[in-house]
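The values are calculated or read from the model by the stated rules, or taken from the named source; none is laboratory data. Not measured: the values here are computed from a predicted model. FYI the Cβ positions are ideal-geometry reconstructions off the backbone, even for glycines, and counts take in every protein chain you see.
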């Protein structure tokens, strides 16, 4: 019975990570689309959230790719 429980946990964790990535993607796109207005949260905050995802969990390839894509998207913006 333990293997099924472990598999269910991993499935839930992968969906949770997907949800976090989707949330961060939405927030980053919203922040970057606001133009001259001051961001609600600094880009550095979102960058750190992405780095935390990379460092703290086992990710599948498409999750890593999504995170690296978002990091690349925000690297052009500097926080002052």
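Annotations for the structure displayed:
- Close pairs from the stretch 39-50: first free of Cβ contacts under 8 Å to residues at least 40 places away in the same chain, partner exposed (fewer than 14 other Cβ atoms within 10 Å of the Cβ) and outside any helix (DSSP H, G or I), Cβ under 6 Å, at least 6 apart: 42/79; 43/79; 44/79
- In the stretch 28-57, residue surrounded by the most Cβ atoms within 10 Å (Cβ to Cβ) [restricted to those that are modelled with pLDDT under 85 and touching a helix residue (DSSP H, G or I) at 6+ places or on another chain (Cβ under 8 Å)]: 31
- For residue 73, the conditions (1) touching a helix residue (DSSP H, G or I) at 6+ places or on another chain (Cβ under 7 Å); (2) modelled with pLDDT under 70 all hold with the exception of (2).
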